[in-house]
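This report concerns only the one structure given below.
The values are calculated or read from the model by the stated rules, or taken from the named source; none is laboratory data. This one's a predicted model, so the numbers in the text were calculated from it and none came from an experiment. Cβ coordinates were reconstructed from backbone atoms using ideal geometry, including for glycine residues, and neighbour counts include every protein chain displayed.
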Amino acid sequence: MLNLIQLTSDKDDYSFFEWLDTQELLFMWTGDIFSWPIRPADLMTYVNRIRKKELVSLNFYNSSGVLVGHCDIDNISERHKRGEMTRVVILPQFRNSGIGQQMVSEVVKFTFEKLNLHRLELKVFDFNKNAIRCYEKVGFNIEGLLKDFLYDRGKFWNLYVMSMINNVTT
Ligand SMILES: CC(C)(COP(=O)(O)OP(=O)(O)OC[C@H]1O[C@@H](n2cnc3c(N)ncnc32)[C@H](O)[C@@H]1OP(=O)(O)O)[C@@H](O)C(=O)NCCC(=O)NCCS
């Protein structure tokens, strides 16, 4: 069981940024809003958006109180009842042991039950096999491939769009 804390201010725990310690990992985590190395101005923009409640930012702690995961729900449309799960990351030494699936399940529950959204979507690089497997095991389905969607380090990158629909809502 993971304990979920929603970030609301610049005083919150942002130590998950320390896990994003290579250019490749940072790119895999966010794709676009941060470039390597992370610029303080970009960090400030991100935290300000959290303070202004423009996105929902969630930290997850295990039963020992260790921060083991983080993710955001961004691009929320109240009108269309949808949001995008993004910037998903698990503490490096806890990866590939099922924590990601636990966390993503909690995010889905939070999105459908607390935010009352109908659709949760995400984008994931086509090469990120453990992330895709993690999302599929929680119940996300691949909807399509965005070809050459991002350009970075002299190369175009493909992303899958995945989604989960809350069948309880109308
Ligand atoms: C992606 C991430 C969040 C997933 O969390 P996690 O805790 O590692 O995921 P889980 O252990 O719950 O699930 C991963 C699954 O992928 C499987 N897997 C691992 N490597 C794989 C591979 N190369 N091919 C296919 N499946 C693979 C694991 O065995 C596991 O499946 P299982 O439960 O059937 O054994 C985490 O690895 C992470 O933080 N990665 C770096 C940042 C990142 O890529 N974020 C995603 C942005 S979209």
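Only one residue in Gly65, Gly69, Gly139, Gly100 is over 23 Å from Phe34 (Cα atoms), at pLDDT 95 or above and within 15 Å of the ligand (Cβ to nearest atom), so which one is that? So that I can check it myself, show each step before the final result.
Values: Gly65 fails: within 15 Å of the ligand (Cβ to nearest atom); Gly69 fails: over 23 Å from Phe34 (Cα atoms); Gly100 fails: over 23 Å from Phe34 (Cα atoms).
None of the other options fit; the residue is Gly139.
Which residue pairs have Cβ atoms under 7 Å apart, sit 6 or more places apart or on different chains, and have a first residue in region 83-104 that is more than 26 Å from Lys53 (Cα to Cα) and a second that is near the ligand (Cβ under 6 Å from one of its atoms) and of a type outside the set (S, T, N, Q)?
From region 83-104, the pairs are Ile99/Ile90.
Quick test of your reading of the structure: Asp42 fulfils all but one of (1) surrounded by 16 or more Cβ atoms within 10 Å (Cβ to Cβ); (2) in a helix (DSSP H, G or I). Name the failing condition by number.
It is condition (1) that Asp42 fails.
In this structure, is Phe17 surrounded by 19 or more Cβ atoms within 10 Å (Cβ to Cβ) and within 16 Å of the ligand (Cβ to nearest atom)?
no
Would you be able to say whether some residue in region 26-37 is on the phi > 0 side of the Ramachandran plot, within 15 Å of the ligand (Cβ to nearest atom) and not in a helix (DSSP H, G or I)?
Yes; the residues of region 26-37 include at least one that is on the phi > 0 side of the Ramachandran plot, within 15 Å of the ligand (Cβ to nearest atom) and not in a helix (DSSP H, G or I).
Please go through region 32-76 and pick out each residue that is over 12 Å from Leu7 (Cβ atoms), touching a Gly at 6+ places or on another chain (Cβ under 7 Å) and of a type in the set (A, V, I, L, M).
Within region 32-76, Ile76 is the sole residue that qualifies.
When only residues in region 45-70 that are out of contact with any Phe, Trp or Tyr (no Cβ under 6 Å at 6 or more places or on another chain) and among the aliphatic types (A, V, I, L, M) count, which is surrounded by the fewest Cβ atoms within 10 Å (Cβ to Cβ)?
So, considering only residues that are out of contact with any Phe, Trp or Tyr (no Cβ under 6 Å at 6 or more places or on another chain) and among the aliphatic types (A, V, I, L, M), the one surrounded by the fewest Cβ atoms within 10 Å (Cβ to Cβ) is Val66.
Count, please, the residues in region 73-97 that happen to be closer than 18 Å to Ile165 by Cα and within 16 Å of the ligand (Cβ to nearest atom).
Here the count works out to 7.
Working only within region 116-145, note down all residues that are surrounded by 14 or more Cβ atoms within 10 Å (Cβ to Cβ) and assigned to a strand (DSSP E or B).
Residues satisfying the conditions are Arg119, Leu120, Glu121, Leu122, Lys123, Val124, Phe125, Ile142.
Out of Glu113, Glu106, which single residue is of a type in the set (Asp, Glu), surrounded by fewer than 18 Cβ atoms within 10 Å (Cβ to Cβ), more than 8 Å from the ligand (Cβ to nearest atom) and part of a helix (DSSP H, G or I)?
Details: Glu106 fails: surrounded by fewer than 18 Cβ atoms within 10 Å (Cβ to Cβ).
Step by step, each of Glu113, Glu106 is checked, and only Glu113 is of a type in the set (Asp, Glu), surrounded by fewer than 18 Cβ atoms within 10 Å (Cβ to Cβ), more than 8 Å from the ligand (Cβ to nearest atom) and part of a helix (DSSP H, G or I).
With the requirement that a residue be surrounded by 12 or more Cβ atoms within 10 Å (Cβ to Cβ) and assigned to a loop (DSSP other than H, G, I, E, B), what does region 71-95 give you?
Once the filter is applied, which keeps residues that are surrounded by 12 or more Cβ atoms within 10 Å (Cβ to Cβ) and assigned to a loop (DSSP other than H, G, I, E, B), region 71-95 yields Lys81, Leu91, Arg95.
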